[in-house]
Amino acid sequence: MAAFVTDQFRILNAGSFVESISNNSYYAFLGLSNPTTTGFGRTDNWNTSLANNPVDNFQYLSHYRDTSLFGKKITTENVRRVVKKVDWTIDTQYDMYRHDYRQGNEAPVSKTVRLYDANYYVITEDFKVYICIENGSSGLSPTVPTSTIKPTHTDVEPVRYSDKYRWKYLFTVSPSDVIKFDSTEYFVVPNNWETTTDSEIEIIRDGGNSVNNNNQIKAVYIENGGSGFGSLDATITYDILGDGTGGKVSLTTTDEVITGVTVTQGGSGYTYGIVDLPASSTAAKLIPIIPPSKGHGYNIYKELGADKVLLYARFDDSTKDFPIDTKFAQVGIIKNPETFSGAGITFTGNMFSSLSGIGLSESRDVIIGEQITQDQGNGIVAKGYVASFDKDTKVLKYYQDRSLCFGNKLDQTQSLDTKNIIPFNSPTNNPQPISFTVSGGLVQINQTLDGSVITIDSKQIDLGVTFTNGLANPEINKKTGDIIYIDNRPIVQRDSRQKEDIKIILEF
């Protein structure tokens with residue numbers, strides 16, 4: 001027998017992820033400053049090759065941690081659930097909300113069998129969000145008219161405009177959310193909709209009255225107007241039967257056919273219903289439209305199908321943790337990395353550097369991504385890849401990964417000269433210089449560099465990591481943390497005038 005995971009399960013998982021942000025340490029990170037030479041077996045066509053799609057296995061997940069550069073913590077203020085953007089545009093057809101789209105009863109405009117694929121809600125240029133309660137169509141007139149009047153109201157009850165569309169106002173996206181989260185494909189919905197005490201949201205959520213918004217029916221669709229109804233008195237109401245109570249409608253007819261249904265009382269508690277029609281020679285088919293659980297506006301995540309989450313992070317030049325002269329070709333999310341020195345202690349800082357550091361004795365030109373080495377004697381050679389070099393502080397940031405042992409592929413083919421990743425060292429007796437394999441030359445380590453702050457021209461500069469005898473470890477243990485998202489991108493070169501606003505969509 002066929003089985004499937006429901007949309008509600010995906011929406012629930014999206015909500016659970018948002019809730020988990022406050023109880024865990026999630027970080028957006030940038031990585032891979034030299035993708036054409038670092039363990040991926042790629043060539044110079046990285047920016048265009050489809051072969052550069054990420055690989056999801058334990059081997060590559062470890063490698064993504066190895067080649068990460070730095071990370072920014074994702075806080076609850078920087079995560080929102082999102083839904084696909086359906087812009088209101090004049091002279092456009094829109095589906096109406098229905099609880100029963102399926103095979104054989106497709107949405108008339110979108111031709112979809114799934115509600116969440118239909119265009120049954122809109123966001124206006126004023127960033128107001130509305131759901132379409134009625135779109136002027138029926139079984140008597142199945143062609144959906146175009147919407148010609150932009151909804152602007154913020155009333156609790158749905159409002160019918162002269163173009164036959166009836167819209168219910170849900171919320172307005174806040175200016176701060178527009179600036180931070182807006183995208184071409186999605187718009188954000190507010191956090192904590194079900195529990196917030198925001199007065200406007202409370203009114204919409206409760207429909208003005210928490211009892212009346214309990215599955216209150218707002219519309220009845222005329223599938224078939226029947227015949228033989230005579231001239232019905234529009235002041236007489238008829239009950240909506242079903243598992244709810246209190247629902248009533250009035251009917252109007254033309255040539256003894258039901259052509260209009262007005263919900264005079266929405267009632268409450270309906271999950272199915274039928275209009276208790278007067279006797280007729282030919283039965284009509286009137287379909288009460290059942291709202292989402294607890295009513296329209298009660299839970300916008302279910303109503304709009306919010307099964308995606310957008311995470312935002314900004315990287316700028318405000319800290320030495322984010323060097324401005326580096327490149328990156330990967331964006332990822334890591335959960336609960338541990339501190340470098342603390343066994344089992346989760347890193348909780350606002351940002352981290354996952355790069356090691358070397359204080360050089362002199363400034364020089366380097367090439368981002370080039371290899372550095374240190375011959376420690378007896379055939380022992382430390383190797384790393386340059387990620388950044390600050391000419392003012394003379395601090396070089398680098399990383400080491402398994403491609404230094406296995407060559408330009410992660411197939412564990414042993415290289416001729418290296419069998420293991422050797423750390424750089426700085427002994428007080430006989431320290432060895434750093435060699436640059438592309439830009440050339442040797443430079444000694446500045447063994448007097450200690451601590452995380454350096455003073456240059458009476459100005460104190462935070463180095464981002466702590467140095468001892470000219471060497472610094474990353475702030476996180478790069479063998480820890482769960483990589484939950486990775487995206488290979490064309491190489492991006494950072495500079496002092498550039499800020500990277502990273503927006504990541506997770507779909508559940």
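The values are calculated or read from the model by the stated rules, or taken from the named source; none is laboratory data. Note that the structure is a prediction, hence the values are computed from the model and not measured. Neighbour counts run over all protein chains shown; Cβ positions are idealised from the backbone, glycine included. Remember, those area values only see protein heavy atoms, side chains included, never the ligands or the DNA or RNA. Shrake-Rupley method; radii C 1.70, N 1.55, O 1.52, S 1.80 Å.
Restricting attention to the stretch 238-323, which chymotrypsin sites (Phe, Trp or Tyr not before Pro) occupy a DSSP loop and are surrounded by at most 16 other Cβ atoms within 10 Å?
For chymotrypsin sites (Phe, Trp or Tyr not before Pro) across the stretch 238-323 that sit outside H, G, I, E and B with at most 16 neighbouring Cβ atoms in 10 Å, the list reads Tyr272.
Return the sequence-ordered ³J(HN,Hα) values of the stretch 432-443 in whole Hz as given by the Karplus equation 6.51 cos²θ - 1.76 cosθ + 1.60 applied to θ = phi - 60°, using x for Gly and Pro.
My calculation for the stretch 432-443 gives 9, x, 9, 10, 9, 7, 10, 6, x, x, 10, 9 Hz in order.
Within the stretch 74-152, which trypsin sites (Lys or Arg not before Pro) sit in a loop by DSSP and count at most 10 neighbouring Cβ atoms inside 10 Å?
Passing both the DSSP loop test and the Cβ count: Lys111.
Output the relative contact order of the stretch 213-371, whole-number percent, from Cα pairs under 8 angstrom with separation of 6+ residues.
For the stretch 213-371, the relative contact order is 22 percent.
Per residue, how much accessible surface does the chain expose to a 1.4 Å probe? Answer in Å², no decimals.
I get 46 Å² per residue for this part.
Would you pull out the residues with amide H under 5 Å of Gln93's amide H, same chain only if 5 or more places away, H placed 1.01 Å from N?
Close amide H contacts, sequence-distant or interchain: Ser147.
Which part of the stretch 299-333 falls in the paramagnetic zone of Thr196, meaning amide N under 18 Å from the point 7 Å along Cα-to-beta-carbon?
299-312
With Rg/Rh (Cα atoms, Kirkwood Rh) defined as stated, name the option among (1) 1.15; (2) 0.98; (3) 1.05 computed from the structure displayed.
Evaluating Rg/Rh (Cα atoms, Kirkwood Rh) on these atoms matches (1).
Assuming 0.36 nm per residue, please report the length gained on full extension of the stretch Val381 to Ser341 beyond their Cα-Cα distance.
Difference between extended and current length: 12.0 nm.
Name the lysines eligible as straight-distance cross-link partners of Lys150: C-alpha to C-alpha under 17 Å, and not fewer than 8 places from it in the same chain.
Lys85, Lys128, Lys164, Lys168
In deg cm²/dmol, rounded to 500, what helix-only [θ] at 222 nm does the chain give when every DSSP H run of at least 4 residues adds -39500 (n - 2.57) and the total is split over its residues?
-2500 deg cm²/dmol
Do any GluC sites (Glu not before Pro) in the stretch 92-177 lie in a DSSP loop with no more than 12 other beta carbon atoms within 10 Å, and if so, which?
Within the stretch 92-177, the qualifying GluC sites (Glu not before Pro) (loop, at most 12 other Cβ atoms within 10 Å) are Glu125.
Normalising by the residue count of the chain, find the relative contact order in percent from Cα pairs under 8 Å and 6+ residues apart.
It rounds to 19 percent for the chain.
Please work out how many pairs of lysine residues in the stretch 181-332 are eight or more positions apart (or on different chains) and have Cα atoms closer than 19 angstrom.
Lysine pairs satisfying the spacing and distance rule in the stretch 181-332 number 7.
How many percent of the accessible area of the chain is carbon or sulfur, using a 1.4 Å probe?
It is 48 percent, rounded to a whole number.
Using modelled backbone amide H atoms (1.01 Å from N, in-plane), which distant-in-sequence or interchain residues come within less than 5 Å of Ala387's amide H?
It is Gly369, Lys397, Tyr398, Tyr399, by chain and number.
Starting with the highest mean, order 358-367, 175-184 by the number of other Cβ atoms within 10 Å, averaged over the residues of each peptide.
358-367, 175-184
Where the centroid of each part is defined by its Cα atoms, how far is the stretch 76-125 from the stretch 423-446 in Å?
61
Would you please give the residues with an amide H less than 5 Å from that of Val83, counting only those at least 5 places away or on a separate chain, with H modeled from the backbone geometry?
When sequence neighbours closer than 5 places are left aside, the close amide H contacts are Phe187, Val189.
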